[in-house]
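Take a look at the structure below.
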Amino acid sequence: MAARKTSGNKAARKQPAPDVSPNISRDELIEFYRQMLLIRRFEEKAGQLYGMGVIGGFCHLYIGQEAVVVGLEATAKDGDQRVTSYRDHGHMLACGMDPKGVMAELAGRETGYSRGKGGSMHMFSKEKNFYGGHGIVAAQVPIGAGLAFADKYRGNDNVSFTYFGDGAANQGQVYETFNMASLWKLPVIFVIENNKYAMGTAMQRSTSTPDIYHRGNAFGIPGEAVDGMDVLAVKEAGEKAVAHCRAGNGPYILEMQTYRYRGHSMSDPAKYRSREEVQKVREEKDPIDHVRDLLIGGKHASEDELKAIDKEIKATVNEAAKFAQSSPEPQEAELWTDVIA
Amino acid sequence: MATNILMPALSPTMEEGTLAKWLVKEGDSVSSGDIIAEIETDKATMEFEAVDDGVIGRILVPEGTEGVKVNTPIAVLLEEGEEAGSTPDAAPEAAEAPATVPADATPTVPASAAPEATVPPMEEIPAGTSSKTQTVREALRDAMAEEMRASDDVFLMGEEVAQYQGAYKVSQGLLDEFGERRVIDTPITEHGFTGIAVGAAFAGLRPIVEFMTFNFAMQAMDQIINSAAKTRYMSGGQMNCPIVFRGPNGAAARVAAQHSQDYAAWYAHVPGLKVVQPYSAADAKGLLKSAIRDPNPVIFLENEILYGRSFEVPELDDFTVPIGRARIWREGSDVTIVSFGIGMTHALEAAEELAGEGISAEVIDLRSLRPIDYDTVLASVRKTNRCVTVEEGWPVASIGNHLSATIMQQAFDWLDAPVINVTGKDVPMPYAANLEKLALVTTAEVIEAVKSVTYRAGGL
Ligand SMILES: Cc1ncc(C[n+]2csc(CCOP(=O)(O)OP(=O)(O)O)c2C)c(N)n1
Ligand SMILES: [Mg+2]
């Protein structure tokens, strides 16, 4: 079955005898491989369907950044929430949403998560505590803190994973949020997915200081930079941040150093960086190759086992695409529904 | 199994493109992610990546071919070890795509290279003036460039306006000509940079602020309304805010609720602002030049779908169009159709079709929404006795509502039918292709409204 439950993930985490590194079991590493590969293949398929005109409008792919969301989801428990920008397909798959429903939404079909009305940038799942999918840069940041506010208000120990980009990190509402989150000790993890570019703007052309996470200092929010291409490093940093938040110490900032391989959206000619720059990251830092090397190099898995996973993922993705393409468009009456309660 | 590689759609509005260059040849192995070709769209040259591993079996469309329709097979991809002669069974991907797809990706109105319907004489242009065909995009760029040459106080600021040449390529070439001092890339901080530009305008500079789209100007609304629009009044006339806020407004294609709003009525509501929304390239150029020279804050609403349309633009050293004057595009005697911006495409199409049915429609392009040229509208309604308004925005408190009230008060005795407002539907913009089409204004709705006010069969 395509939809993977986060709980399956937790079971893996509880495996005894860690045999890959102190905080990772073999099974969990295999699971990371599977999830990252699912995101990658899903996104490649989405790109292909866009080219065919099945997906329209804006479509922002997550290829290259897979380790960030997969590593962090491994630290989440039931009840935790997540919210992100328009570059959201990976987040949805990683929190256990059904690839079929996500792909169907990308295609604007009635079987999609938003019944075809939201599209790539605006998708939600109440069931998985996925609060979107936001098209307005940085609008999700105060919303993420608001989810954390509700947790604090209710007195539970849930946390809110609030993802945003290096470009979004310059919006004023981010700093208004930092102040209140710290002042009120809200259990929110601000995950800055620093993929070095905001559309065509390299980070150093938009950002006055090189380390975004330092900006938390002004508000008394601890933070750190993390190798976002290394799923193990992501998980480790995530555990620290989650523990900090659950213990009632207020927000935490994780600046994930990552990279997007594709253009900003499907219609980005990407003249602002060289092909060599992209190629170098793909060859030297690819998050999936990294896990593959750990598995094969450490003899934790055979080539054949990984091939079998590749095949299974390909089937899942093809099934999602077929489901999306064969689903009907929304009924015309849907135009008028859901406007107001 | 061999599969076809299809001509991709590389932007929300692309229908066809040029296969500029192949970066692989027959027999080459490719893996997913390799760049295999360069494809030119209406906006840019894009790299096209392989989505599967395999060997290029045959190249079906040679490089340099223009006008290749989206989804045309352009090459055959073989699996490793497969015979070079293999051909795909039946273009499997293409066959799977539902029938509605190609139309889905089409913008509301097809982009055309040919100039629009014949342009009526403009009062602003001396007889005998020559003209050239230009897109709205080029006309806007020329207007900025001319005004920046004329005054060093004029500068352009916004996201991706400089190095990237504009998210929609409107500022193409301006960085090269005017340098970084005057063509300024900002971080994604709309409220902040709008405030900075307003401050610079208070200090006497003449900023042009580009919003990547007007949807993002909502982040900056307070600075636009509370600071830019009201300060002259609050200072008893001492302060000036000569600033232009410009960018695409309204729906593009399939970009859904947060990126598809028409703000015409919002800004037209605000005293202290001027608001213009051009339709043709000539008006875009002439109005933008006037806006830059205007001592007031001017909201300049463009439209992404219109950027690529071509019109005749007069060749004059200094061509301007006055703010606050409507333009009669087509004279008629049975009904007045009032519109602006992209709504004009539907108004003109409807008028053409109605002419074939013996209904003579007068079509007025408001061009400016604050101030509105009431005189032109009222004179026309007093002549035709009927009026239909057309706009993309939502119906409640629309420009059409306001015109209806004005006509009712000032031309009541001339009206033979209630004024009908044709508008976008009263819902956020849906993503699904079929629903988006239903949400937008259509030419058929304009025709139906005209038939209704003229009491012809087939009307409401
Ligand atoms: C308020 C606002 N301004 C501008 C945009 C247009 N826009 C969409 S994404 C983007 C770049 C964002 O970059 P970043 O935050 O680094 O995220 P990434 O796309 O790299 O994931 C811009 C300028 C928008 N959607 N919302
Ligand atoms: Mg970024």
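The values are calculated or read from the model by the stated rules, or taken from the named source; none is laboratory data. Quick caveat: nothing in here was measured; it's all calculated off a predicted structure. No Cβ is skipped: glycine too gets one built from the backbone with ideal geometry, and neighbour counts run over all protein chains shown. We work out accessible area using only protein heavy atoms, side chains counted, and drop any ligands, DNA or RNA first. Shrake-Rupley method; radii C 1.70, N 1.55, O 1.52, S 1.80 Å.
Just a few scattered comments:
- Residue among A:Leu93, A:Leu61 that alone is touching a helix residue (DSSP H, G or I) at 6+ places or on another chain (Cβ under 7 Å), more than 16 Å from A:Gln325 (Cβ to Cβ) and in a loop (DSSP other than H, G, I, E, B): A:Leu61
- Boolean, A:Val159 is buried (at least 18 other Cβ atoms within 10 Å of the Cβ), away from ligand 1 (no atom under 13 Å from the Cβ) and not small (Gly, Ala, Ser): yes
- Of all residues in region B:37-71 being among the polar types (S, T, N, Q) and more than 23 Å from B:Ser171 (Cβ to Cβ), the one that is nearest to the other protein chains (Cβ to nearest Cβ): B:Asn71
- Exactly one residue out of B:Pro207, B:Pro242 is away from ligand 1 (no atom under 16 Å from the Cβ), part of a strand (DSSP E or B) and without any contact (Cβ under 8 Å) to a residue 60 or more places away in the chain: that is B:Pro207.
- The condition (being open to solvent by 40 Å² or more (accessible area, probe 1.4 Å), outside the structural domain of B:Ser290 (by TED's automatic domain parsing) and within 21 Å of B:Trp414 (Cα to Cα)) is satisfied by just one residue among B:Ala379, B:Ala361: B:Ala379.
- The requirement of being within 13 Å of chain B (Cβ to nearest Cβ), at pLDDT 95 or above, open to solvent by 30 Å² or more (accessible area, probe 1.4 Å) and within 21 Å of B:Thr213 (Cβ to Cβ) is not satisfied by A:Gly119.
- Residues (among the aliphatic types (A, V, I, L, M) and in a strand (DSSP E or B)) located in region A:224-240: A:Ala225, A:Val226
- Among residues of region B:182-194 that are closer than 15 Å to B:Phe245 by Cα and without any contact (Cβ under 8 Å) to a residue 12 or more places away in the chain, those with a beta-carbon under 6 Å from a residue that is away from ligand 2 (no atom under 16 Å from the Cβ) and of a type outside the set (A, V, I, L, M) at least six positions away or on a different chain give the pairs B:Gly192/A:Gly172.
- Set side by side, the residues B:Gln172, B:Gln165, B:Gln219 differ, and just one is more than 26 Å from B:Val313 (Cα to Cα), away from ligand 2 (no atom under 16 Å from the Cβ) and in the same structural domain as B:Val298 (by TED's automatic domain parsing), which is B:Gln219.
- So A:Glu66, is it crowded, with 21+ Cβ neighbours inside 10 Å and farther than 20 Å from A:Glu239 by Cβ: no
- Filter result for the condition that a residue is buried (at least 24 other Cβ atoms within 10 Å of the Cβ) and among the small types (Gly, Ala, Ser), over B:Gly324, B:Gly332, B:Gly356, B:Gly343: B:Gly343
- Residue in region B:158-184 that is farthest from the other protein chains (Cβ to nearest Cβ), counting only those that are assigned to a helix (DSSP H, G or I) and open to solvent by less than 40 Å² (accessible area, probe 1.4 Å): B:Phe178
- In region A:208-223, of all residues being surrounded by 15 or more Cβ atoms within 10 Å (Cβ to Cβ) and outside any loop (DSSP other than H, G, I, E, B), the one that is farthest from ligand 2 (Cβ to nearest atom) corresponds to A:Phe219.
- One residue alone among B:Phe155, B:Phe202 is open to solvent by 10 Å² or more (accessible area, probe 1.4 Å), in the same structural domain as B:Ser290 (by TED's automatic domain parsing) and within 26 Å of the chain's Cα centre (by Cα), and that residue is B:Phe155.
- Within region A:181-196, considering residues that are within 18 Å of the chain's Cα centre (by Cα) and open to solvent by less than 20 Å² (accessible area, probe 1.4 Å), the one farthest from ligand 2 (Cβ to nearest atom): A:Val188
- All positions within region A:122-146 that are at the interface with chain B (Cβ under 8 Å from one of its Cβ atoms) and more than 19 Å from A:Gln171 (Cα to Cα): A:His122
- Qualifying residue in region B:218-233 (condition: of a type outside the set (Asp, Glu) and within 20 Å of the chain's Cα centre (by Cα)): yes
- Among the conditions (1) within 30 Å of A:Lys100 (Cα to Cα); (2) more than 19 Å from the chain's Cα centre (by Cα); (3) open to solvent by 20 Å² or more (accessible area, probe 1.4 Å), the only one that A:His290 does not satisfy is (2).
- Some residue of region A:188-207 being within 10 Å of ligand 1 (Cβ to nearest atom) and part of a helix (DSSP H, G or I): yes
- Reported count of residues in region A:88-102, each being within 16 Å of ligand 2 (Cβ to nearest atom) and within 14 Å of chain B (Cβ to nearest Cβ), is 1.
- Tally of residues being under 9 Å from A:Val137 (Cβ atoms) and of a type in the set (Phe, Trp, Tyr) across region A:161-177: 1
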